[in-house]
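Down below is the structure, laid out as structure tokens.
The values are calculated or read from the model by the stated rules, or taken from the named source; none is laboratory data. Note that the structure is a prediction, hence the values are computed from the model and not measured. With ideal geometry, Cβ positions are generated from the backbone for all residues, glycine too; neighbour counts draw on all protein chains shown.
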Amino acid sequence: MLIDCHVHLNNYDEERERSVRDVAHDLFEAMAANEVGHAVVLTSYKVTPHRPHVETVLETVGDDPRLTVVEGIRWRADRERTDLFNLEERVRAGRVKGIKLYPGYDRYPINDPSLESFFRLAAKCDIPVMIHTGDTYAKGAKVRQAHPLLVDDVAVDFPDVKLVMCHLGNPWFLDAAQVLYKNDNVFADISGLTLGDFSAEFERYTLQRVREMIHYMGDPSRQLMFGTDWPLVGMKSYIKFFQSLELGPEERDNIAWRTAAQLFKIDVTRLPGTPPLTQPTA
Ligand SMILES: [Zn+2]
């Protein structure tokens, strides 16, 4: 059983017009083909014809039991910045189950003092804050602002907020491992470490990096979560990568779904492939 804790309903092929419903249809197909029972959808830090507003995503797929929606924050833009009041309403109504910050892309560092309101809201409502860490691909983004070591500042200043480092801080894997090892309130997803499918050579390289992290952390399974970054990444190739990490059965189950189920409060009794009496223990 698998929970993919990091997918998008953006249309990255901008040559072709696609609605949220079209992309969601492809997502459900990919999930079914790969036996992924639940996915966490992260909305973007910007709204364009190819990147839907969180309200559009909620209206289209908000009631689907296969999905959890996490709201991407737009913070440094001149217009259409995220309205905190509206965000809090969506969180309190249980429609949005987490916050996603995009440092570097949205031109602020992770430890920017102006983000305090988001961390306070997350603590008050007990929702996780997901943070893009590491490589931004986009040339217009400032990668230093997304360095995983900056997450430590936030983890220490807000010990009652659960933080998720997306992408393991790629390529600063050991910096991310240090932040995880030191802070019980920091989690990470293994998503987005390639684009498309892994080549054999790059898969070997990346497995080595992630195994080093796991070795350094000792017990990684309480804090790491399976995620892909679909549709930027092929689900099948990513599951093969995950399986190649050679984890023990308990560790593997925690990373595959238990930790995510607990963090995002996903009702696992509704997922296919779950034994009815199993509760999250991670
Ligand atoms: Zn992503």
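Worth pointing out:
- Residues being touching a Ser or Thr at 6+ places or on another chain (Cβ under 8 Å) and of a type in the set (Phe, Trp, Tyr) are represented in segment 106-114 by at least one member.
- When segment 99-138 is filtered for residues that are more than 16 Å from the ligand (Cβ to nearest atom) and of a type in the set (Ser, Thr, Tyr), the ones remaining, listed by number, are 108, 114, 117.
- Hey, residue 226 within 16 Å of the ligand (Cβ to nearest atom) and either in contact with a helix residue (DSSP H, G or I) (Cβ under 7 Å, 6 or more places away or on another chain) or farther than 15 Å from residue 168 by Cβ (or both) or not: yes
- Residue 54 touching a strand residue (DSSP E or B) at 6+ places or on another chain (Cβ under 9 Å), closer than 13 Å to residue 98 by Cα and at pLDDT 95 or above: yes
- Total residues in segment 36-63, condition assigned to a loop (DSSP other than H, G, I, E, B) and without any contact (Cβ under 8 Å) to a residue 12 or more places away in the chain: 2
- All of 61, 23, 70 fail the test of being in contact with a Ser or Thr (Cβ under 8 Å, 6 or more places away or on another chain) and among the β-branched types (Val, Ile, Thr), apart from 70.
- Only a single item in (1) within 29 Å of residue 104 (Cα to Cα); (2) surrounded by fewer than 17 Cβ atoms within 10 Å (Cβ to Cβ) is not met by residue 45, and it is number (2).
- Restricting 260, 256 to residues that are more than 23 Å from residue 136 (Cβ to Cβ) and within 16 Å of the ligand (Cβ to nearest atom) narrows the list to 260.
- Residue pairs meeting the criteria (Cβ under 6 Å; at least 6 apart or on separate chains; first outside any helix (DSSP H, G or I), in segment 17-34; second not hydroxyl-bearing (Ser, Thr, Tyr)): 18/11; 34/235; 34/236; 34/239
- If the condition is being more than 16 Å from the ligand (Cβ to nearest atom) and within 13 Å of residue 131 (Cα to Cα), then segment 186-214 contributes only 186.
- For segment 160-176, a residue qualifies if it is away from the ligand (no atom under 14 Å from the Cβ) and touching a strand residue (DSSP E or B) at 6+ places or on another chain (Cβ under 7 Å), and the qualifying residues are 161, 162, 163, 176.
- Any chance residue 9 is in contact with a Lys or Arg (Cβ under 8 Å, 6 or more places away or on another chain), crowded, with 17+ Cβ neighbours inside 10 Å and not in a strand (DSSP E or B): no
- Counted as qualifying within segment 158-271 are the helices (runs of 4 or more DSSP H) with 1 or more residues that are at pLDDT 95 or above and of a type in the set (Gly, Ala, Ser), namely 173-182, 200-217, 235-243, 259-263.
- Exactly one residue among 146, 93, 176, 123 is in contact (Cβ under 8 Å) with a residue 24 or more places away in the chain and surrounded by fewer than 20 Cβ atoms within 10 Å (Cβ to Cβ), and that residue is 123.
- From the list 7, 96, 61, the lone residue that is over 20 Å from residue 140 (Cβ atoms) and within 16 Å of the ligand (Cβ to nearest atom) is 7.
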